[in-house]
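For reference, the structure discussed in these notes is given below.
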Amino acid sequence: MLRAASNLEYRTLAVPCWVLFGGWPQNYNATSGLNLGFGSIKAPSATTDSSGTNFPSVSGGLYPSFSGFFILKHHIGFGGEAAWRAHQAVYTATGSNFLFQAPYRPIFYDFDAVYGAKFNKKFGGDVMAGIGGEDLRFYTPYYTCGFTSCTNYQSSNHFAGHFAADIRYYFWGNAFIRPEAHYYLIHNNVEFNGANAARFTISIGYSFMPGFRRAKRI
C-alpha cells in the first residue's frame, strides 16, 4: 500500500511538471496562452421592493482581468480567470428604518472547461463553461489580524456558474486581441438586485506552443 501511494504521489507531481517543461508529445496539437484584459460589468438595475428596501446593482466600473488557458488534443482544454473592480465603489442599501453604506470591491473568478480552435492564420475562438465565485469585499476603517496577516475588509463569498465565449484575432505572430463575453449565475447574491451578471472585456494575449505537426507515420 505504501509503495502504491508513493507511486501515486510521484505521478501527481510528475504530470504537471512534464507538461510545463516541454514533455508534451508531438502528435498533440497543444496550445496555451495568457491574457490581460479590461472590461466592465452589466447587471440588473437597482430596485426597491414593497417594504421600501433598496437593492443596489453591481453594474459599472472598470474590471482588469488576468486569464490563462491550455488546449489539449481535439481542441478540448481548461482555463481559469480572475477579474476585479479596479477602484472601490460605495455600496448603499436603504430600507424604511436603516441605511448601510460601505466601500466595496467585487472580485470574480472561475475555472473552466474550454473548447478552442484556430480557424485560420488570423482568427480563432473559444467557448467555455465552469464554476467559480464572487468575492464581495466590504472595507472597514480598522484592521482585523489573524495568525499570518491583517485585513481591512470583510468578505461575502458566493458560488457562481460561468459561461463565456470569445474571438481571437492574431495581429502579430502569436499575439492576439480578444473580445470576450462572460455570464455569471451567482448563488444567493442577496447583496444586489439579481443573481446574474455579465462581463464584457477586451484582452490582449499571447499563445505559447501554437500547435505541433502530427507525427509522420513510418
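Nothing in this text is a laboratory measurement; each read-out follows from the coordinates by a stated rule. All values derive from a computational prediction rather than experimental measurement. Because the Cβ atoms are built from the backbone with ideal geometry, glycine has one as well, and the counts that use them run over all protein chains shown.
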Hey, fewest Cβ within 10 Å first, where do LEU72, LEU36 land in order? LEU36, LEU72
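Only loop residues by DSSP count here, and only those with at most 10 other Cβ atoms within 10 Å; note down the chymotrypsin sites (Phe, Trp or Tyr not before Pro) in segment 77-111 that meet that.
Taking segment 77-111 and a limit of 10 other Cβ atoms within 10 Å, the loop chymotrypsin sites (Phe, Trp or Tyr not before Pro) found are PHE98.
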If you keep only loop residues by DSSP, which chymotrypsin sites (Phe, Trp or Tyr not before Pro) in segment 115-184 have at most 13 other Cβ atoms within 10 Å of their Cβ? PHE119, PHE147
Integer Hz, Karplus 6.51/-1.76/1.60 couplings in order for segment 38-53, x for Gly and Pro: 9, x, 8, 9, 10, 9, x, 5, 4, 8, 10, 7, 5, 8, x, 7
Determine, from the Cβ-Cβ distance of PHE208 and PHE123 and an R0 of 25 Å, the FRET efficiency 1/(1 + (r/R0)^6), rounded to the nearest 0.05. 0.85
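Between the DSSP loop rule and a limit of at most 16 other Cβ atoms within 10 Å, which trypsin sites (Lys or Arg not before Pro) in segment 100-202 are left?
Numbers: sites: LYS118, LYS121, LYS122, ARG137, ARG168, ARG199; in loops: LYS121, LYS122.
Those that pass, being in a loop and sparsely packed, are LYS121, LYS122.
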In nm, to one decimal, how far is the THR94 label point from the SER57 one, both placed 7 Å along Cα→Cβ? 1.7 nm
Projected-area mean, segment 28-208, by convex hull of Cα positions, square nanometres: 12.4 nm²
Over segment 28-208, what is the relative contact order in whole percent, taking alpha-carbon pairs under 8 Å and six or more residues apart? 23 percent
